[in-house]
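Reading through the structure tokens given below for one structure.
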Amino acid sequence: TMVHRIDTLFIATCILYIPFLYGFLKSNTFYAHNSINKKGIHLSQQAIEDFSKTAPVLQAAVSSSRGVFRKEDLSSLLHLTLSDADNTAEPLCSLQIVQKTSGHVPRSYLPSIMILQDNCSAETLGLMSLLEEGFRWFLDSGGRLSKIEIACPPHFELLLKSAGFDVLNNDSEIEKEKLNLRSTYIPSNYLLMRPSSAKFKASCEKRLLQNEGEASTLYDIIGRLLHDMGDPGAAIQPYTKSLQANPKSAATFRNLGSAYHSVGDTQLAFASYQQAIQLDPKDGLVYLKLAFFYEDFANKDWIDAELHSQRCYQYYLDTVDPEDVAILTRLGNLLVREHLAEQAVGVYDRILKLDDSIYSVWFNKAHAQVKIGDYEGAKQSLQRTLDLEPTISAAKHMLRALDEEEALRAQSAEEAYVKDLFNSYADNYDSHGKKLLYSAPRIIRQELASIYKVAFADRLNPPEPLDETSGVVNAPLDSRSSTNSFLPAEQPVGSSCSTYSSFMNHSLDILDIGCGTGLVGAWLKDYARTLVGVDISEQMVNAARKKQLYQELHVMPLLQYFNELNKDISFDLVVAADVLAYVGELQPTFEQVVKVLRPSALFVFTVEAAELGTQNLTRDQTLTLSSDHHEAGYKGFRLLPSGRFGYSKDYVDGVITRAMGKSCRTLMSRAYSPRLEAGQPIPGYLYIVEKLPLV
């Protein structure tokens, strides 16, 4: 098997792409421009000529360029001034960006105000360039246009309206943090205005056409606006033009990399990020973008991608904002997905020390605690989750699963819990299944093939007698050799020119209950004349629909589907792979399945195993139960600490007998593990039940 090493691949890509990208930009430079630094910047010569013969100088003082925020801080982030060329008089105009923190959150979520101050009580030459430089800094530092307001003297209104800004009305519904920010910083006679993305973009484009302003700044702003408006592909060209004007802008290379990443061009994304690091090795935000980049590859199971992502997140936290709870949460969630749950608990504790009112972090911590076997700690975290947000169905379900008596008493999982769980899981379900070595679809196909080979042998030329190692169609799989039970589909059975697949291909009407993203459907598609899928999760069904495997897909609970199904519809094969763990009591489902099975049709399903009674399979402790609870422990199934239902084999056998009666027989039942959890196989069973043919 080829081992993919993401670091080697992308370093090679970087070597190939960076010289080309940098050379292209440098060779097309319009004119040089010094970006904001400690000494301040001079506007470009072309921009100076637009203002006056006495060239104004734009001075920059960045008080918190990397943005470490604390509760209750009122932070002045940036201060720009526009002065006469000799810089001796009072500044003509100044710009200040202030921000009010509302806890430990990223800058992009914080309300901000850009304050314009005019000291000459007239429309200042160069005001738009001053404004554009301020916006560029704000956006390149992670801000969002929707979170910033402009406060300005009334005589700036017409100028700003022409640039795409709208006057704000007094809003009684405004958030408290923004009110505090306004009252602290804004003079009473100032206007409040807000930029419109589309109008501001059009204004920047007009300025470029009129050869006004700083080209690199305007193109960078246009790119950011397009990116934030949901069109990263369109942002690539203005970012590139910005770099043609100023090829030494690390922030613009970072933005360009993010745009390429958003449209799936991973090679140029990585090359752009690497160039940003070359220009500014201490830019923590580019490492944050790289963390997102590597995390995507970690979800696709690339070797070492998780480690790279973890290191990039940590660098950002160490150098930019150690209390950014959004990034800490992403880091914790990444560690859980990569089976590093103990480390994840430490990250979640770090967040909760900063702010213990974030219910989602309490819930994520509980999930990690379950994985490391800290069930008492998980119960406390889940209870805290519900104290903060009583409507979280997953927290209620998991708390019930961790309570011994409730777990034994449970009959079913709440529909809301199952729906929410898989809606949130749909995007990463397939890749996560690979990491867990999820094998149910492949094994189901293998076992069906072995049965169908024998069943269809009678339709071919008379076969050789089956020896005792091949078994007979009525024998359980346990009595057959596992190595001889499955032959390649191309191998003839009883004939040199016919195979069982000649009869099987596109011959069966198949029902896939709990179809999810279509993993089973992909393995059975060639068998199917019609393939119908049913699942409670809309997002899982949407993922299955994209694969174009099914003739029909239904979003609804299983029993509802059976109740609404036309009584004349029946199937040759019904499959339930890894879905019954979210059902609970199996008899109602099995009673419906048998009604839709044709004579000789098969019902294939998997279940998780659980040892019942007073011994919990996953915890070394014994609970003294009252007589009624002790009896409940032997009902044959229970909730496991994972939140899924586990079943005893005796219970499953009994349900088949009670629900399907004498019309069905079990062709096969054996111990089987569908996947790993925490590196260990999950115990379970695989069944194939046949509806008896008509006599």
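The values are calculated or read from the model by the stated rules, or taken from the named source; none is laboratory data. On a predicted model such as this, the values are computed, not experimentally measured, just so you know. As a convention, Cβ positions derive from the backbone with ideal geometry for all residues, glycine included, and neighbour counts pool all protein chains shown. The protein model used for the area step is the full one, side chains on, heavy atoms only, and it has no ligands, DNA or RNA in it. Shrake-Rupley method; radii C 1.70, N 1.55, O 1.52, S 1.80 Å.
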Checklist entry - Among the residues of segment 521-550 satisfying the criterion of being buried (at least 17 other Cβ atoms within 10 Å of the Cβ) and assigned to a strand (DSSP E or B), which is farthest from the chain's Cα centre (by Cα)? => result Ala528
Checklist entry - Within segment 312-331, can one find any residue that is touching a Gly at 6+ places or on another chain (Cβ under 9 Å) and open to solvent by 60 Å² or more (accessible area, probe 1.4 Å)? => result yes
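Open to solvent by 50 Å² or more (accessible area, probe 1.4 Å), within 19 Å of Tyr582 (Cα to Cα), without any contact (Cβ under 8 Å) to a residue 24 or more places away in the chain and in contact with a Ser or Thr (Cβ under 7 Å, 6 or more places away or on another chain) - does that describe any residue in segment 683-691? Give the derivation first.
Start the filter on segment 683-691 by keeping residues that are open to solvent by 50 Å² or more (accessible area, probe 1.4 Å), which leaves 683.
Those left that are additionally within 19 Å of Tyr582 (Cα to Cα): 683.
Still in the running and without any contact (Cβ under 8 Å) to a residue 24 or more places away in the chain: none.
No; the residues of segment 683-691 include none that is open to solvent by 50 Å² or more (accessible area, probe 1.4 Å), within 19 Å of Tyr582 (Cα to Cα), without any contact (Cβ under 8 Å) to a residue 24 or more places away in the chain and in contact with a Ser or Thr (Cβ under 7 Å, 6 or more places away or on another chain).
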Checklist entry - Looking at Tyr438, is it assigned to a helix (DSSP H, G or I) and among the aromatic types (Phe, Trp, Tyr)? => result no
Checklist entry - Picking from Ile303, Ile372, which residue would you name as being open to solvent by 60 Å² or more (accessible area, probe 1.4 Å) and in contact with a strand residue (DSSP E or B) (Cβ under 7 Å, 6 or more places away or on another chain)? => result Ile303
Checklist entry - How do the pairs read when you match residues in segment 578-597 that are in contact (Cβ under 8 Å) with a residue 40 or more places away in the chain with residues anywhere that are acidic (Asp, Glu) and in a loop (DSSP other than H, G, I, E, B), using Cβ under 6 Å and keeping only pairs 6 or more apart or on different chains? => result none
Item to check | Residue list for segment 658-676, filter: out of contact with any Phe, Trp or Tyr (no Cβ under 9 Å at 6 or more places or on another chain) and under 13 Å from Ala601 (Cα atoms) | outcome: Ser663, Arg665
Next on the checklist: All but one of (1) over 35 Å from the mean Cα position of the chain (by Cα); (2) modelled with pLDDT of 85 or more; (3) buried (at least 18 other Cβ atoms within 10 Å of the Cβ) hold for Glu149; state the number of the condition that does not hold.
Outcome noted: (1)
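Does any residue of segment 141-153 turn out to be small (Gly, Ala, Ser) and either part of a strand (DSSP E or B) or within 19 Å of Cys93 (Cα to Cα) (or both)?
yes
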Checklist entry - Any idea which residue in segment 664-677 is nearest to the chain's Cα centre (by Cα), counting only those that are crowded, with 16+ Cβ neighbours inside 10 Å and among the aliphatic types (A, V, I, L, M)? => result Met668
Checklist entry - In the set Ala298, Ala276, which member is at pLDDT below 90 and open to solvent by less than 10 Å² (accessible area, probe 1.4 Å)? => result Ala298
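State yes or no: is Leu553 surrounded by fewer than 22 Cβ atoms within 10 Å (Cβ to Cβ) and in contact (Cβ under 8 Å) with a residue 12 or more places away in the chain?
yes
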Checklist outcome for this item: Counting only residues in segment 643-663 that are in contact with a helix residue (DSSP H, G or I) (Cβ under 7 Å, 6 or more places away or on another chain) and open to solvent by 20 Å² or more (accessible area, probe 1.4 Å), the one nearest to Leu382 (Cα to Cα) is identified as Arg644
Item to check | Residue in segment 179-197 that is nearest to Leu139 (Cα to Cα), counting only those that are modelled with pLDDT under 80 and of a type in the set (A, V, I, L, M, F, W, C) | outcome: Leu181
Next on the checklist: Just to be sure before I move on: is Gln267 at pLDDT 95 or above and open to solvent by 30 Å² or more (accessible area, probe 1.4 Å) in the structure I sent?
Outcome noted: no
Next on the checklist: Can you tell me which residue is most open to solvent (accessible area, probe 1.4 Å) among those in segment 418-437 that are of a type in the set (Phe, Trp, Tyr) and modelled with pLDDT under 90?
Outcome noted: Tyr425
Checklist entry - How many residues does segment 258-290 hold that are farther than 15 Å from Ser309 by Cα and among the basic types (Lys, Arg)? => result 1
Checklist outcome for this item: By residue number, the members of segment 397-416 that are without any contact (Cβ under 8 Å) to a residue 40 or more places away in the chain and within 23 Å of the chain's Cα centre (by Cα) are Ala416
Next on the checklist: It is to be established whether one or more residues within segment 606-626 are among the hydroxyl-bearing types (Ser, Thr, Tyr) and at pLDDT 95 or above.
Outcome noted: yes
